[in-house]
Amino acid sequence: MRPGKGRVMLFMCMLLAAMFVSTAAMAASPRIGILIYKYDDTYISTVRNALNKALDGKAQISMQDGKGDQATQNDQLDVMIERGMDGIIVNMVDAQAASGVVDKIKKAGIPVVFFNREPNLDVLKTYEKALFVGTNAADAGKMQGDIVKSIWDENKYDINKDGKFQYVMFKGEPDNPEAIARTDFSVSQAVLNGVKLEQIGETFVCNWDTALAQQAMESALAANEGKIELVIANNDSMAMGAIAALSNIGYNVEGGSKLIPVIGVDATDQAVDAINRGIMSGTVKQDGEAMGNAVSAIMLNMINGKAPLEGTGYKYDDSGIAVRIPYSPYVGK
Ligand code: CA
């Protein structure tokens, strides 16, 4: 035998074996398209990481960044359907555009799990393979309201001693259901807890964004310095912007003597760090990892023809098609 021939044969066999294994793996592994409203969102990044981790080895995933543009996301969906995905996971850019998305996926006949940004559930009910995984938006606000009460009870922040807590409010988006619920329930819960609240200025709508919140807070401080006793923000990114503005004029500095309590939502790494350093007062944890794991498990169940919630430990809420991942408050170590 010429030297080398055996090696060639062995190589051919290995190549064939490898081709066989990969074909078998591909046949067993479903293809899942994942549409994200935008990658540049701290909380959504935690969900994306959890999705990647949970689906690793169980599905071939194709994830796309909608970049905050619904038209872009619609195009991405068209491509995914054309490529014959076995299931689609959608984080809507504009939740009000969900009916078009549902119609397209319904035509393709594949399951879809929406998460985080909540479409009208009646729209989802038009397709038996559509589900939603989200949170109970009111709960985040209520937990903020409870944090307000515990801060008020420290008897340290009524600067003008009028028995009322003067606050400014940072809202994510004008018509977003989560933003509306957090804004309303944080205040109503604090009032229910017996805290007298008085808003300073208009509600600042800052698109969930740190830089916009910092600008708004700078203006608010310029007009009302010494009158603001509390900051409530729909998310931690805006809370961080408010803290940046406060820090610039000597409040909320680590180890400093002047603190205006700031409360957010999301428990981002940055906010948890700020709370642990004593320059922020509280946040509400939206468990991105639990969200990603639930979405993955439900999607795989639906693709495999099982009951969607099998083995997940979750139950549907009153709608019968939505699962709510619970929040938890965080006020420091
Ligand atoms: Ca006061």
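What follows is calculated from the coordinates using simple rules that are stated; it is not laboratory data. Because the structure is a prediction, the values reported are computed rather than measured. With ideal geometry, Cβ positions are generated from the backbone for all residues, glycine too; neighbour counts draw on all protein chains shown.
Couple of notes before you dig in:
- Note on the chain: with charges restricted to the Cβ of Lys and Arg (+1) and Asp and Glu (-1), its dipole about the Cα centre is near 1460 debye.
- Anchor K129: lysines whose Cα lies under 28 Å away (excluding residues fewer than 8 positions away in-chain): K38, K53, K58, K67, K104, K106, K107, K306, K315
- The stretch between E289 and K196, if pulled fully straight at 0.36 nm per residue, gains 29.9 nm over its current Cα-Cα span.
- Inter-label distance, R83 to R277: 4.0 nm, where each label sits 7 Å from its Cα along the C-beta direction.
- In the chain, helical runs assigned H by DSSP with n ≥ 4 each contribute -39500 (n - 2.57); averaged across all residues and rounded to the nearest 500, the mean residue ellipticity at 222 nm is -14500 deg cm²/dmol.
- Rounded to the nearest 10 degrees, the angle from helix 288-303 to the longest Cα principal axis of the chain is 30 degrees.
- Charge context of S281, other residues only, Cβ under 13 angstrom, K/R +1, D/E -1: -2
- Entry note, segment 138-286: relative contact order of 24 percent, from Cα contacts under 8 Å with a spacing of 6+ residues.
- Extension gain for K156-T312 works out to 51.7 nm (0.36 nm per residue, less the C-alpha to C-alpha distance).
- C-alpha long axis of helix 236-248 to longest principal axis of the chain, angle in °: 40 degrees
- Cα radius of gyration and Dmax for the chain (Å): 24.3, 100
- Using alpha-carbon coordinates, inclination of helix 5-28 to the longest axis of the chain, degrees: 50 degrees
- In this structure, S328 and D269 have a Cβ-Cβ separation that, at R0 = 25 Å, corresponds to a calculated FRET efficiency of about 0.95.
- Sites K104 and E254 - FRET efficiency at Förster radius 30 Å, r taken between beta-carbons, to 0.05: 0.05
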